[in-house]
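This report concerns only the one structure given below.
Where a number appears in this text, it was derived from the coordinates with a stated rule and is not lab data. Here the structure is a predicted model, which means the values were calculated and not measured. Neighbour counts are summed over all protein chains in view; Cβ atoms, including those assigned to glycine, are modelled from backbone coordinates with ideal geometry.
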Amino acid sequence: MEHLTEMRLGAAAEISRMRDLKEPLALYREYGEKEAVFLLGQDESSVKRWRRAGLIPYRPLGEKGVRYLGLQICDIYLFGNRAAELWGGTQSENSNSENTGSEERETVPHGSGAGSTKTPDKSDALRLAQQTLKKPRGF
């Protein structure tokens, strides 16, 4: 987990530098969707599409609002639309989209008792980081 923390801190510093922020990106501050879009340098429609498909982590705020922690923004910056895997997935129950880019994982049937959800081991984050940062073939 220390490696992931270092990666997040590095991403926060890089985002702050790229966006020429007066104050550095705070990992535990909540940012609105427009702020997150600016910080990520992405198109607003892409971020909304990823969020609605459950591909990126976010925090719901009321009926329509959303917030992103600085940690989540860093994860999205580092891992793109696979960042939700670090947060245990955030796909809403009324979403009809499938996450087709992830490995098959054992699922727990609905209505299972508390504590029956499989807890990811600590190497999941490192494995995801290594897959993401791996150089493409031919370089």
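Whole-Hz Karplus ³J(HN,Hα) for region 30-40, in order, using 6.51 cos²θ - 1.76 cosθ + 1.60 and θ = phi - 60°, x for Gly and Pro?
8, 10, x, 5, 5, 5, 4, 4, 4, 5, 7
Taking loop as defined by DSSP and a crowding limit of 10 other beta carbons within 10 Å, which trypsin sites (Lys or Arg not before Pro) in region 1-50 fit?
22
Under the rule of at least 5 residues apart or a separate chain, name every residue whose amide H is placed under 5 Å from the amide H of residue 69.
Answer set, sorted by chain and number: 31, 59.
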